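In what follows, a single structure is set out as structure tokens and then discussed.
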Amino acid sequence: MNPAILRAALTLALLVAIPLSLAAAGPMTVGALEFGPGDTLFVADSKGAAIWAIKTGFSSEGSSEEAEGVSDLDAKLAAMLGVDVREVFIKDLAVHQPSGTSVLSILRGSGEDLTPVLMTVSRSGELAELTLEGREVSKLDIGNAPGPEAMSGRRKARAYAVTDLEYIDDQLYIAGLSNEEFASSLRRAAFPFDGKIETTGLEIFHGAHDAYETHAPIFTFMQYELNGKPHVVASYLCTPLVTFPVEQLKNGTKLRGKTIAELGFGNIPLDILPYEYQGERYVLLSNTNRGTMKFKASDIEAANTRDGITTGVSDAETVKGAPYIGSPLGHVVQIAEFDDDSIMVLSRAGENGALTLGPRNKKWL
């Protein structure tokens, strides 16, 4: 059979009929988001150990409408969702660049009553729920995810079955934990989904812990060209920055990354974003406790040519390896490419902690 026809048949076979609201779809969560080809939105579901692909119907025509920011976003979301503002947990942000539509993955409620919601924010700042009515939906099951009761340190490992997503060269890259010996994994799946997943087990040296680790998941990552070759650049809890050559990501193998920086203990990396300004390449990394870090691509490349960090980093040193400067963005939660001149930033106001979503010009980063 012609491969294209076979792929189309498999895609149709994998289309899933699910309720109009994600909240009614059974035991699931929403987490990492990523846009793929056209208007396709990938949604990570760690609890259900799956990835959902949703045809959103967003326009590909583009828009000249000026983008508006949204202040007091968490309060507005709480009012729309019928919960207290403290019961709105935004997990990720993705932007459909042709239409300028932002999507937020949200868990609302508390305890066992957490329910998943996808919300959209238009260029004009209008909020709406992204339901599944009339949309094509396909699903990729992750067969080697940790069991529901498996632990990773003091946390349930299943919550980290999928931690981040990147769509690269017709493949969806899926970071997270597996039930394998090298639990930290980077999976790859062709799209449209055909049910097949390639998995590479990952090992890193964690300078703050002075140890090699195989059970620490990637928290956020990107693919980036370093010294003429594509690499995965990944950030981990507490906070190593690690590179993996893409050409060495092989199915069923184990790969040790190169730790090119230690960025401070007691910190969770939230989002990583490459961008260009006036012909120079940069990388932004947002964090819970260490602010937003701005790297020159040339400094990351230089660090990647060295041997990497393989000995412990003391509390006094805190930071070692590729240098960075602090970005004046404030308390940033999520970042995403918006257009050639700006990025979309989800941040908390310093005065009252309220969430704001809006574009920031790259010259101010």
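Before moving on, here are some points about what is shown:
- Cut-off under 5 Å, modelled amide H: who pairs with G125 long-range: E68
- Scalar couplings 3J(HN,Hα) for segment 120-131, obtained by applying the Karplus form with A = 6.51, B = -1.76, C = 1.60 to θ = phi - 60°, are 10, 10, 6, 4, 8, x, 7, 9, 7, 7, 8, 8 Hz; x denotes Gly and Pro.
- Largest first and in whole Å, the equivalent-ellipsoid semi-axes of segment 178-258 read 21, 16, 11, each the square root of five times a Cα gyration tensor eigenvalue.
- With R₀ set to 41 Å, the beta-carbon distance separating R348 from K196 gives a calculated FRET efficiency near 0.50.
- Amide H contacts of R256 (H built 1.01 Å from N, in plane; Pro and chain starts excluded): E203 sit under 5 Å, all sequence-distant by 5 or more or on other chains.
- Computed per residue of the chain from DSSP H runs no shorter than four, each worth -39500 (n - 2.57), the mean residue ellipticity at 222 nm is -2500 deg cm²/dmol.
- Euclidean distance of C-alpha centroids, segment 118-157 and segment 347-365, integer Å: 25
- Answer label, with percent of Cα pairs over 37 Å apart calculated from the coordinates and candidates (i) 19; (ii) 24; (iii) 16: (iii)
- Equivalent-ellipsoid semi-axes for segment 80-219 (Cα gyration tensor, √(5λ), whole Å, largest first): 30, 21, 15.
- For D299, D341, order by how many other beta-carbon atoms lie within 10 Å, fewest first: D341, D299
- Segment 223-300 and segment 70-94 have Cα centres lying 29 Å from one another.
- Coupling constants for segment 56-63 follow from the phi torsions by the Karplus curve (6.51 cos²θ - 1.76 cosθ + 1.60, θ = phi - 60°), and in residue order they are 6, x, 5, 5, 9, 7, x, 8 Hz; glycine and proline get x.
- Here the Kirkwood formula, the inverse mean of 1/r across different C-alpha pairs, assigns segment 254-365 a hydrodynamic radius of 15.2 Å.
- Cα-based convex hull, segment 66-131, per residue volume (Å³, whole number): 77
- Scattering profile of segment 111-156 at q = 0.16, 0.18, 0.30 Å⁻¹ [log10 I(q)/I(0), Debye over alpha-carbon scatterers]: -0.82, -0.90, -1.11
- Backbone geometry of segment 320-325 corresponds, through the Karplus equation with coefficients 6.51, -1.76 and 1.60 at θ = phi - 60°, to 3J(HN,Hα) couplings of 8, x, 3, x, 8, 10 Hz, x marking Gly and Pro.
- Pairwise alpha-carbon distances in segment 18-145 exceed 17 Å for 57% of all pairs.
- Sequence-distant residues sharing a close amide H with L130 (under 5 Å, placed H): L118, M119, T120
No value in this document is a laboratory result; all are computed from the given coordinates. The structure displayed is predicted, hence computed values, not measured ones. Don't worry about glycine lacking a Cβ; one is built from the backbone with ideal geometry, like all the others, and counts go over all protein chains shown.
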